[in-house]
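**Q** To start, I am sharing the structure in question, which I have written as C-alpha cells.
The values are calculated or read from the model by the stated rules, or taken from the named source; none is laboratory data. Owing to the predicted nature of the structure, the values given are computational and were not obtained by experimental measurement. Neighbour counts run over all protein chains shown; Cβ positions are idealised from the backbone, glycine included.
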Amino acid sequence: MTIGPDGFGVDDLHRIARLRHHVRLSDDSRQGIRESRRIVDGLLRDNAIVYGITTGVGDNSKIRISPEESVELQLSLVRSHASGVGDPLSLEETRAVMTMMIRNLSLGYSGIREEVVDLLLDMVNHNVVPRVPRKGSLGYLSYQAHIALVLIGEGEASVDGSLISGAEALERRGLSPVILKAKEGLSLLNGTCDMVALGGLAVHDAIVLLKSADIASAVSFEGLRGNISAFDSRIGAVKKQRGVGTTAENLRALLQGSSLAEGSSSNRVQDALSVRSIPQVHGAAKDMIRFVSSVIEDEMNSATDNPLIFVQDEMSLSSSNCHGESVAMALDMLAIALTELSSISERRTFRLTSAHHSGLPPFLSPNPGTDSGYMIPQYSAAALVSDNKRLAQPASVDSIPSAAGQEDHVSMGTSAALKSLEVVENLSQVIAIELLCACQAMEFAPDEPRGEGVAAAYGTIRETVPKLERDRPVHRDIESIRSMVLTEAVADAVEQVIDRLHTI
C-alpha cells in the first residue's frame with residue numbers, strides 16, 4: 001500500500017495494522033517531508049523563536065534554548081514522555097498507532113527528516129513492534145513516546161514473538177537507530193495518532209458487525225414468528241432517516257421466501273419493540289457510525305502536529321490541531337450507538353428464551369425441567385450489555401489540567417477510543433449469543449419455509465455448532481459463532497444467496 005497525499009481510510013488502517021500489508025510513501029509525500037525539513041533548518045539558522053524548536057515545551061515554552069540544546073531536548077522529550085502504565089497494547093493496536101504516526105508525518109507539515117519516517121516504515125514492514133503501555137494517555141504523547149524510544153535504540157519491542165530491547169530488535173532486522181535532531185522528538189510525540197488509530201480499528205469492526213446484527217435480528221424474527229408488515233417499504237419512506245430504510249431493506253431481503261412473508265393476518269398485530277423497531281434502532285446506529293467514520297477519516301487526513309510547518313510561506317505556526325476533541329466526541333457517540341445495538345440484541349435473546357413471550361419451550365430446551373437450555377447465555381448477554389452501558393458514558397466531557405496549566409483542557413480521546421474497542425468486543429459476543437439462541441428457536445419449526453438469507457446464516461452456523469439436544473457447555477459454541485461473525489463468514493454466506501447487505 002502507498003501512503004500519499006490522497007485520502008486514507010479505516011480500511012487502509014485495517015490492512016496495514018492487522019493484515020500486515022507492506023506500506024511505502026509516495027514520491028509526493030517524500031518531497032513534502034523534505035521541503036518541510038528545509039524550513040525547520042532555516043528557522044534554526046535564523047534563531048527564530050519557535051515552540052519546541054528554540055523553546056522548551058508545555059509550560060517551559062517561555063524558556064529560550066540554543067540549537068544545541070534543541071537536539072538535547074528531543075531526546076529528553078522522548079525519554080520523559082514514555083511514562084505509560086499497565087498492560088501493553090496488542091501488536092495490532094501498536095501497529096495501528098505506528099501507521100497513523102507515519103500518516104501524520106507524511107503530510108509534510110512536521111519538519112521531520114525523511115530518514116526518521118523511513119525507520120518507522122521499516123519497523124512496520126519488518127514487524128518490529130514496540131511495547132506500549134495501554135494506560136496514561138490524555139489523547140497523545142505517551143503511546144508515541146514508547147514507540148519513539150525504539151527508534152532511538154531504547155525501550156522494548158516484540159520481534160518474532162519475543163520481547164527484547166529496542167536496540168536488539170532493530171539489529172535483528174538489520175536496522176539502525178536514529179539520532180534525533182531539532183523538532184523531531186516533538187513531532188514523533190505530537191498529534192492525535194493514538195486515538196485515531198484505536199478509534200479507526202473500532203470503526204472498522206463496528207461496520208463489520210452491522211451486517212451480523214441485522215442477520216441475527218432476522219433469524220430471531222423468524223424464530224419468534226414476527227409480523228413482517230413492520231418492515232414494509234412504505235414505513236421507511238416516511239421516516240426521513242437513511243438507516244431506517246436501508247435496515248428494513250436488509251430485513252426484507254433476509255426474510256424473502258419465509259412463510260412470514262405470505263401474510264400478516266395469522267401473526268400478532270404488533271410485536272414488542274425489540275422486534276418491530278429493528279429498522280429504527282439498527283438504522284440509528286448505522287447513521288451514527290457513518291458520521292463517526294467520516295470524522296475519523298477526516299482526522300486521518302489532517303495534520304495534527306504542533307507547531308505546523310507551512311512550506312509555501314516558509315514559516316511555522318503554533319496551533320492546537322493536536323487537540324482531539326472531534327475524535328473524542330465521535331468515539332463517545334460510537335460507544336453509545338454500539339451499546340444500543342447490544343441492548344436491543346439482548347432483549348431479543350431474552351424473548352427467545354422466555355416461554356411466555358416466545359411460545360417456545362422454556363430456555364429453548366428440548367427437555368425443560370431437567371435441562372436449563374440457553375438460560376445462562378442470556379445472563380452473559382445481560383452482563384455484557386450492562387458493561388456497555390457503563391462504557392457508553394462519555395469520556396470527552398472530562399478534562400484534568402496538565403503541564404502546570406498550559407494544557408488546561410484535554411480531549412480524553414484515547415480513553416474514548418479504548419472504551420469503544422471494549423464495547424465492540426462485547427457487542428460481538430452479544431450478537432453471537434443471539435445467533436446461538438435464534439438458530440435453536442428455528443429447530444422447533446423445522447418444516448416452516450425460511451427466508452433465504454436466514455436459511456443461509458442458519459446453515460453456516462450449523463456446520464460448526466450443532467443444535468442443542470441436551471445440556472452441554474456452550475462457551476465454545478458462542479466463541480465459534482463470534483469467530484464467524486468477526487471473520488464475516490456468516491455475512492458472506494448470506495450475501496451469496498441475496499443482494500449485498502447495506503451497512504453505512
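**Q** Which of the residues that make up the range 359-374 are surrounded by fewer than 16 Cβ atoms within 10 Å (Cβ to Cβ) and either in contact with a helix residue (DSSP H, G or I) (Cβ under 7 Å, 6 or more places away or on another chain) or not hydroxyl-bearing (S, T, Y) (or both)?
**A** The first filter runs over the range 359-374 and keeps only residues surrounded by fewer than 16 Cβ atoms within 10 Å (Cβ to Cβ), leaving 359, 366-370, 372.
The answer is G359, P366, N367, P368, G369, S372.
**Q** (1) out of contact with any Ser or Thr (no Cβ under 6 Å at 6 or more places or on another chain); (2) at pLDDT 95 or above: which one isn't true of M195, the others all being true?
**A** (1)
**Q** Testing H356 on (1) more than 35 Å from the chain's Cα centre (by Cα); (2) in contact (Cβ under 8 Å) with a residue 40 or more places away in the chain; (3) part of a helix (DSSP H, G or I), one condition comes back false. Which one is that?
**A** So H356 meets the others, but not (2).
**Q** Of the residues S386, S365, which is touching a strand residue (DSSP E or B) at 6+ places or on another chain (Cβ under 8 Å) and modelled with pLDDT of 95 or more?
**A** After applying the criteria, what remains is S365.
**Q** Please work out if S345 is farther than 17 Å from H475 by Cα, hydroxyl-bearing (S, T, Y) and within 31 Å of the chain's Cα centre (by Cα).
**A** Here the answer is yes, as S345 does meet what is asked.
**Q** Have a look at G243, G236, G226 and point out the one that is buried (at least 24 other Cβ atoms within 10 Å of the Cβ), more than 27 Å from the chain's Cα centre (by Cα) and not assigned by TED's automatic domain parsing to the domain that holds G136. It would help to see each step written out before you state the result.
**A** Numbers: G243 fails: more than 27 Å from the chain's Cα centre (by Cα); G236 fails: buried (at least 24 other Cβ atoms within 10 Å of the Cβ).
Just a single option satisfies the conditions, and that option is G226.
**Q** Also, quick follow-up: Taking the criterion of being buried (at least 23 other Cβ atoms within 10 Å of the Cβ), modelled with pLDDT under 95, over 20 Å from V23 (Cβ atoms) and assigned by TED's automatic domain parsing to the domain that holds T94, would at least one residue in the range 118-138 satisfy it?
**A** Yes, the range 118-138 contains a residue that is buried (at least 23 other Cβ atoms within 10 Å of the Cβ), modelled with pLDDT under 95, over 20 Å from V23 (Cβ atoms) and assigned by TED's automatic domain parsing to the domain that holds T94.
**Q** State yes or no: is V327 touching a helix residue (DSSP H, G or I) at 6+ places or on another chain (Cβ under 8 Å), β-branched (V, I, T) and free of Cβ contacts under 8 Å to residues at least 40 places away in the same chain?
**A** no
**Q** Among helices (runs of 4 or more DSSP H) lying entirely in the range 140-245, which contain 1 or more residues that are acidic (D, E)? Reasoning before the result, please.
**A** Numbers: elements: 142-151, 166-172, 184-189, 193-223, 233-237.
It comes to 166-172, 184-189, 193-223.
**Q** Please specify each residue of the range 279-314 satisfying the condition of being of a type in the set (D, E, K, R), assigned to a helix (DSSP H, G or I) and buried (at least 23 other Cβ atoms within 10 Å of the Cβ).
**A** Across the range 279-314, the qualifying residues are K286, E299.
Residue-by-condition table, conditions (1) on the phi > 0 side of the Ramachandran plot; (2) more than 22 Å from the chain's Cα centre (by Cα):
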position: G86; (1), (2): yes, no
position: E93; (1), (2): no, no
position: N104; (1), (2): no, no
position: E114; (1), (2): no, yes
position: L119; (1), (2): no, yes
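**Q** Every residue in the range 459-494 that is touching a residue at least 60 places away in the same chain (Cβ under 8 Å), under 24 Å from G257 (Cα atoms) and of a type in the set (D, E, K, R), please.
**A** E488
**Q** Right, next: Within the range 36-79, which residues are basic (K, R) and either modelled with pLDDT under 90 or touching a Phe, Trp or Tyr at 6+ places or on another chain (Cβ under 8 Å) (or both)? Spell out the reasoning first.
**A** Restricting attention to the range 36-79, the residues satisfying the condition of being basic (K, R) are 37-38, 45, 62, 64, 79.
Answer for the range 36-79, where residues must be basic (K, R) and either modelled with pLDDT under 90 or touching a Phe, Trp or Tyr at 6+ places or on another chain (Cβ under 8 Å) (or both): R45, K62, R64.
To keep it simple, each residue is scored yes or no on (1) closer than 16 Å to A218 by Cβ; (2) in the same structural domain as A381 (by TED's automatic domain parsing); (3) buried (at least 24 other Cβ atoms within 10 Å of the Cβ); (4) of a type in the set (S, T, N, Q).
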site	(1), (2), (3), (4)
E452	yes, yes, no, no
T464	no, yes, no, yes
H475	no, yes, no, no
S483	no, yes, no, yes
L486	no, yes, no, no
A489	no, yes, no, no
R500	yes, no, no, no
T503	yes, no, no, yes
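**Q** Any residue in the range 12-28 that is more than 23 Å from the chain's Cα centre (by Cα), buried (at least 17 other Cβ atoms within 10 Å of the Cβ), assigned by TED's automatic domain parsing to the domain that holds R95 and closer than 19 Å to L107 by Cα?
**A** Yes, the conditions are met somewhere in the range 12-28.
**Q** Another question about this same structure. Scan the range 98-121 for residues that are in contact with a Pro (Cβ under 9 Å, 6 or more places away or on another chain) and either in a helix (DSSP H, G or I) or among the hydrophobic types (A, V, I, L, M, F, W, C) (or both) and jot them down.
**A** Those that are in contact with a Pro (Cβ under 9 Å, 6 or more places away or on another chain) and either in a helix (DSSP H, G or I) or among the hydrophobic types (A, V, I, L, M, F, W, C) (or both): M98, S106, L107, L119.
**Q** Within the range 318-347, can you find the residues that are over 18 Å from P279 (Cβ atoms), touching a Lys or Arg at 6+ places or on another chain (Cβ under 8 Å) and of a type outside the set (A, V, I, L, M, F, W, C)?
**A** Once the filter is applied, which keeps residues that are over 18 Å from P279 (Cβ atoms), touching a Lys or Arg at 6+ places or on another chain (Cβ under 8 Å) and of a type outside the set (A, V, I, L, M, F, W, C), the range 318-347 yields only T339.
**Q** For the list (1) hydrophobic (A, V, I, L, M, F, W, C); (2) within 29 Å of K419 (Cβ to Cβ); (3) touching a strand residue (DSSP E or B) at 6+ places or on another chain (Cβ under 9 Å), I need the number of the one condition that V159 fails.
**A** With (1) hydrophobic (A, V, I, L, M, F, W, C); (2) within 29 Å of K419 (Cβ to Cβ); (3) touching a strand residue (DSSP E or B) at 6+ places or on another chain (Cβ under 9 Å) applied to V159, the lone miss is (2).
**Q** Can you tell me which residue among K211, K183 is more than 24 Å from the chain's Cα centre (by Cα) and either modelled with pLDDT under 95 or surrounded by fewer than 24 Cβ atoms within 10 Å (Cβ to Cβ) (or both)?
**A** After applying the criteria, what remains is K183.
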